[in-house]
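The numbers here are math on the coordinates, done by the rules we state, and not lab data. None of the values given here were measured: they were computed from a predicted structure. Using ideal geometry, Cβ is built from the backbone for each residue, glycine included, and neighbour counts are taken over all protein chains shown.
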Amino acid sequence: MPKEPSWKVDVKSLSNQKLVELSLSLDGSEHKEVVESLRRELVERLRAIGISNEEMVKRIASGVPRGRKFNEIAKAWAEILGMSVEEFKRIADAK
């Protein structure tokens, strides 16, 4: 049985900018595991420099209209940030 093609990305070797660029370019593609690993690495780096979950949520959700797209973003990022989708939405909507 032929093996499905795949590729791996050494996320540790990428700059923060490249993590974001690659994550955005692969978002919605079949490479969900790669996108998740890119996001996890970015979150780890941001935490290491003292950025809180609340700040990350605000930045991620900034400018995203509420509705279907916002729900998709909340689902995609909540687990990576170690919170529920409801908590992500509550923080994003807090003034």
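Determine the relative contact order of the chain: mean sequence separation of Cα pairs under 8 Å and six or more apart, normalised by residue count, in whole percent. It would help to have the intermediate numbers written out before the result.
Details: 52 pairs, mean separation 21.0, N = 95.
Result for the chain is 22 percent.
Sum -39500 (n - 2.57) across every DSSP H segment of at least 4 residues in the chain, then divide by the residue count to get the 222 nm mean residue ellipticity, nearest 500.
-19500 deg cm²/dmol, from helical runs alone.
Which net charge results for the neighbourhood of Glu55, defined as the other residues with beta-carbon distances under 14 angstrom from its beta-carbon, given Lys and Arg at +1 and Asp and Glu at -1?
Neighbour charge sum, excluding Glu55 itself: +3.
What does the charge add up to near Val20, with Lys and Arg as +1, Asp and Glu as -1, over the other residues with Cβ less than 12 Å from its Cβ?
So the surrounding residues net to +1.
For a Förster distance of 22 Å, can you work out the FRET efficiency between the beta-carbons of Ser15 and Glu36, rounded to the nearest 0.05? Don't skip to the end; give the middle numbers.
Details: r = 19 Å, r/R0 = 0.85.
With R0 = 22 Å, the Cβ-Cβ based efficiency is 0.70.
When the Cα centres of the range 59-73 and the range 18-47 are compared, how far apart do they sit, in Å?
17
Assuming a strict under-14 Å limit between Cα atoms, what lysine pair count do you get for the chain once near-sequence pairs (fewer than 8 apart, same chain) are dropped?
So the count of such lysine pairs works out to 6.
What does the charge count near Ala92 come to, summing +1 for each Lys or Arg and -1 for each Asp or Glu among other residues with Cβ under 14 Å from its Cβ?
Taking every other residue near Ala92 into account, the sum is +2.
Please get the size of the charge dipole for the range 12-51, origin at its Cα centre, with Cβ charges of +1 on Lys and Arg and -1 on Asp and Glu, quoted in debye to the nearest 20. Don't jump to the answer; show the numbers that get you there.
Working: 7 positive and 7 negative charges, 46 e Å.
Its charge dipole is roughly 220 debye.
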